[in-house]
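The values are calculated or read from the model by the stated rules, or taken from the named source; none is laboratory data. No experiment lies behind these values; they were computed from the predicted model shown. Ideal geometry is used to build each Cβ from the backbone, glycine not excepted, and the neighbour counts take in all protein chains shown. Quick note on the areas: whole protein, heavy atoms, side chains included, nothing else; ligands and nucleic acids left out. Shrake-Rupley method; radii C 1.70, N 1.55, O 1.52, S 1.80 Å.
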Amino acid sequence: MLDQKDIDMIRQVVREEVDERASKTEDSLLDEIGRTQTYLEKQINEVKKNMDELSQYYRITKLESDNTALLLKMIDQLGKRVEELEKRTA
């Protein structure tokens with residue numbers, strides 16, 4: 001039969017083992033969280049880069065569209081002027 005001293009020693013050993021395992025688990029979790037954070041930061045930076053490229057593409061496309069609309073308007077006005085000149089000379 002175990003006396004109180006032996007029981008206390010067993011409890012101490014169990015506590016130390018539990019503390020050691022908890023510490024290893026905590027370290028493993030912190031390492032995994034760090035790796036996950038690094039991965040997610042890399043992904044976020046990639047998404048930001050893609051968004052910047054898309055924004056730039058959108059601005060360029062909008063400018064091209066605006067320029068095309070202006071050219072079409074100028075061509076239309078030029079066509080009207082040509083019509084008026086043709087009427088005057090006819």
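Charges on Cβ only, +1 for Lys and Arg, -1 for Asp and Glu, centred on the Cα centroid of region 1-65; of Leu63, Gly34, Ala22, which one is farthest towards the dipole's positive end?
It is Leu63, whose Cα lies furthest towards the positive end.
Helix 4-89 sits at what angle to the longest principal axis of the chain, using alpha carbons and giving 0 to 90 degrees rounded to 10?
0
Over the chain, average the accessible area per residue using a 1.4 Å probe and give it in Å², no decimals.
That works out to 99 Å² per residue.
On the accessible surface of the chain, probed at 1.4 Å, how many percent belong to carbon and sulfur atoms?
On the chain, the fraction of accessible area on carbon and sulfur atoms equals 58 percent.
With a ≥ b ≥ c the root eigenvalues of the C-alpha gyration tensor of the chain, is it rounded (a/c under 1.5), prolate (a/b larger than b/c) or oblate?
The shape class here is prolate.
Where the only charges are on Cβ atoms (+1 Lys, Arg; -1 Asp, Glu), what is the dipole of the chain about its Cα centre, to the nearest 20 debye?
1100
Let me have the 222 nm mean residue ellipticity of the chain computed from DSSP H runs of 4+ only, each contributing -39500 (n - 2.57), with the sum over all residues rounded to the nearest 500.
Theoretical 222 nm ellipticity from helices: -36500 deg cm²/dmol.
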